[in-house]
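This report concerns only the one structure given below.
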Number of protein chains: 2
Amino acid sequence: MTDAPMTAQAASTATAGDILSRHLTAQAGAFLRALPLAVGEVGARPGTAAVVPAAGTADLLRTVRRIGGLLHTFGALFEQTWAQESRTELRWLLNLLALEPGYARRSARLLGALDSLSGTAPEGTGMLAGHAGAPKARALLDRQLTLARTRAHSTVLQELRSARLHALADRMTLLVGEAPLLEAAGGRAPVVLLPQVAAAFTALAATANQLPLQRAATPYGGDGLRRLGAVSPSAAALGQERPGARGAVDADSALAADDAPWCRLRILVKRARYALEVCGRPSSELDELDAVLGRHQDAADAAVTAATAARTPRITPATAYVLGVVHADQRLEVEAARYAFGRRWPDLPPGLDGWLEIPPADGWGHPPAPRTA
Amino acid sequence: MTDAPMTAQAASTATAGDILSRHLTAQAGAFLRALPLAVGEVGARPGTAAVVPAAGTADLLRTVRRIGGLLHTFGALFEQTWAQESRTELRWLLNLLALEPGYARRSARLLGALDSLSGTAPEGTGMLAGHAGAPKARALLDRQLTLARTRAHSTVLQELRSARLHALADRMTLLVGEAPLLEAAGGRAPVVLLPQVAAAFTALAATANQLPLQRAATPYGGDGLRRLGAVSPSAAALGQERPGARGAVDADSALAADDAPWCRLRILVKRARYALEVCGRPSSELDELDAVLGRHQDAADAAVTAATAARTPRITPATAYVLGVVHADQRLEVEAARYAFGRRWPDLPPGLDGWLEIPPADGWGHPPAPRTA
């Protein structure tokens, strides 16, 4: 992260391996600096993480995502078994670290939505203002999410002391300056790396084009609440797998299948984003799309929590009614995120094509500036 | 309705009184033709009207709205007491006739929404698909709305045999060819009528400009669910009137106060629309705005019904949860209608200004073509 920019001459003669090694060295260094901080942060917490992860955890999440993305997009240039194993271990750590902040974010989102929907501020009275079920639903959600966060915290605490994490740290230590590159990485950077970046964008575009983006870009089309599954043949497949299944499970399957391609899209946006960073061309457009799809994911997760809470036995009808409103509200947020994505997407491909076809004159070798997300 | 278009010369010399008399004669004739049909239709129904009122009732509603609108907009040109009394009696009949089709429309909207939200069609699986509460909520809504429609039917049946209706029919009979115009109506049509039309548009624009149209034209702003009352000081006033009032009443007041100016706007759009028809310049833009605000009204009314049904004693939590989703869904429809209005509105005033400042060369004296709405 602290490399000085290369001179134009050095950049023009850099090999793909030079670029990738420099990036991996910087990211592995960041990993090794952040890891003890993150472990300390988790150990020091009583079990309820803040919505924004503490600095060490945030840094660790950031570098884990970037190394994993790099190893995926440019995987053909690395020793295969090593790259595959590294990605598996990094994904494990990512899921582990993301667990607690994920619940914290979900809690903040749901309780915030409830407060907004039941609030009486002059500028934002909600449709549940003063409703008897609102405090009960709030307490129920808070209780269930606090429990989930506490459980997640225990899991994280335990795993952060595991041999598996030590092995991963060793793997990162070895990575500094010594990435196991294949011979193919010896070619000139643009010639070798650009096809990989292009492949990441092709995968992204292919997934995006299977989504009803034009419909999503038309507001209030009902995509979040009423028109699920139109784009996910997997939804029908899921339904067929258990023809006898009735009750709320049907809607859960339909919602999950409807959200799945958007979640997949988010991963592909992140990979494309990190690939451009490797090329020294971070893209604010991709950053924004990533943020929009993050909002989509958070709202979809929060909607599931609201629906699940509504199935808690022995709740009052008033509580259930409020949870129904909150569930619909979060599905509306899902729809709003898809709208935001659909509106931004069409502008993107031409801009990216330009970057990919014409190797940038001075873009190579500049490591991405330290980023905040 | 069947007058032949006037020649250009006749049109240019027509007085305001000529124009208004011709319109009132045509509309009063339509009233007298439609009334016995409507009475027969209501009498023949077992108590549950169709969503689209039968032909006689629809014709009667249409003509009652137009005569009432004309008497309001051009009221200064008529004998005051007569115009005021006529408007009161026409409003009474309008409210009476609109009652049963209103419930029928509300029932179709709510049951349709529930079917859509709980449906499993490949192109439109809903977020409540297979939910155990959906059939119960449907039965509850159907029962309550059928009861309301049956009661409304009895009221309408009774009033359609009343002396009050006979008196109104006599009033309409006298109106044919003999509108009690004041001397001021003897001036040239454009000179006399245009200021009245302009006043109708000024009132419309003033009310519209007090609404957050720019915010409404930005989709997913939360206006229907979370940000009520921002534009209605009356909402706060309502709240202050009963500082001790808690519970669902608070939200009901906020929702009613939030919707009220939009309902008022709809009346003003209709008046402007009918005023332009009198000038022989029906406006498809105003027709569309009227339709959009009609959708707003229907969704707002349906939302109230869903919220009220959710307060039925002894319903199951599953039923209440589904009604919460339906309530939010209808508030979303309210928001969508405001969005549609906000998007259309800004284009409108310049076009209307043009019409009002330059009297149309051949527009006067052409009675509006028979309309379907």
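If I filter the range B:144-167 for residues that are within 14 Å of another protein chain (Cβ to nearest Cβ), free of Cβ contacts under 8 Å to residues at least 60 places away in the same chain and of a type in the set (A, V, I, L, M, F, W, C), do I get at least one hit?
Residues of the range B:144-167 that are within 14 Å of another protein chain (Cβ to nearest Cβ), as a first pass: none.
No, the range B:144-167 has no match at all.
Determine whether the range B:284-301 contains at least one residue that is under 18 Å from B:R143 (Cα atoms), more than 17 Å from the chain's Cα centre (by Cα), crowded, with 18+ Cβ neighbours inside 10 Å and modelled with pLDDT of 65 or more.
Among the residues of the range B:284-301, not one is under 18 Å from B:R143 (Cα atoms), more than 17 Å from the chain's Cα centre (by Cα), crowded, with 18+ Cβ neighbours inside 10 Å and modelled with pLDDT of 65 or more, which makes the answer no.
For the range A:314-331, indicate whether the set of residues that are of a type in the set (V, I, T), open to solvent by 20 Å² or more (accessible area, probe 1.4 Å) and either within 22 Å of the chain's Cα centre (by Cα) or at pLDDT 95 or above (or both) is non-empty.
Yes.
Note down all Cβ pairs under 7 Å where the first residue falls in the range A:111-130 and is touching a residue at least 12 places away in the same chain (Cβ under 8 Å) and at the interface with chain B (Cβ under 7 Å from one of its Cβ atoms), the second is of a type in the set (K, R) and open to solvent by less than 30 Å² (accessible area, probe 1.4 Å), and they're at least six residues apart or on different chains.
Sorted first by the residue in the range A:111-130, then by its partner, the pairs are A:M127/B:R331.
Could you please let me know if A:V325 is out of contact with any Ser or Thr (no Cβ under 8 Å at 6 or more places or on another chain) and under 30 Å from A:A14 (Cβ atoms)?
no
Could you give me the residue pairs with C-beta distances under 7 Å whose first residue belongs to the range A:76-90 and is outside the structural domain of A:S21 (by TED's automatic domain parsing) and farther than 15 Å from A:D170 by Cα, whose second residue is at pLDDT 95 or above and surrounded by 15 or more Cβ atoms within 10 Å (Cβ to Cβ) wherever it lies, and which are 6+ apart or on separate chains?
none
Considering only residues that are of a type in the set (S, T, Y) and buried (at least 22 other Cβ atoms within 10 Å of the Cβ), which ones fall in the range B:302-313? Steps first, please.
Of all residues in the range B:302-313, those of a type in the set (S, T, Y) come to B:305, B:308, B:312.
Within the range B:302-313, B:T305 is the sole residue that qualifies.
Here is a list of conditions, (1) more than 8 Å from chain B (Cβ to nearest Cβ); (2) within 20 Å of A:R105 (Cα to Cα), and A:V325 meets all of them except one; can you say which number that is?
Condition not satisfied by A:V325: (1).
Considering only residues of the range B:60-100 that are aromatic (F, W, Y) and not in a loop (DSSP other than H, G, I, E, B), which is least open to solvent (accessible area, probe 1.4 Å)? So that I can check it myself, show each step before the final result.
So in the range B:60-100, the residues aromatic (F, W, Y) come out as B:74, B:78, B:82, B:92.
Still in the running and not in a loop (DSSP other than H, G, I, E, B): B:78, B:82, B:92.
Working: B:F78: 0, B:W82: 40, B:W92: 38 Å².
Filtering first and then ranking leaves B:F78.
Applying the selection to the range B:16-43, what residues are of a type in the set (V, I, T) and more than 27 Å from B:S162 (Cα to Cα)? Before you say what the answer is, go through the steps one by one.
Of the residues in the range B:16-43, the ones of a type in the set (V, I, T) are B:19, B:25, B:39, B:42.
Listed by number, the list holds a single entry, B:I19.
The values are calculated or read from the model by the stated rules, or taken from the named source; none is laboratory data. Note that the structure is a prediction, hence the values are computed from the model and not measured. Note that each Cβ is placed from the backbone with ideal geometry, even for glycine, and that neighbours are counted across all protein chains shown. All accessible areas refer to the heavy atoms of the entire protein, side chains included, with ligands and DNA or RNA removed. Shrake-Rupley method; radii C 1.70, N 1.55, O 1.52, S 1.80 Å.
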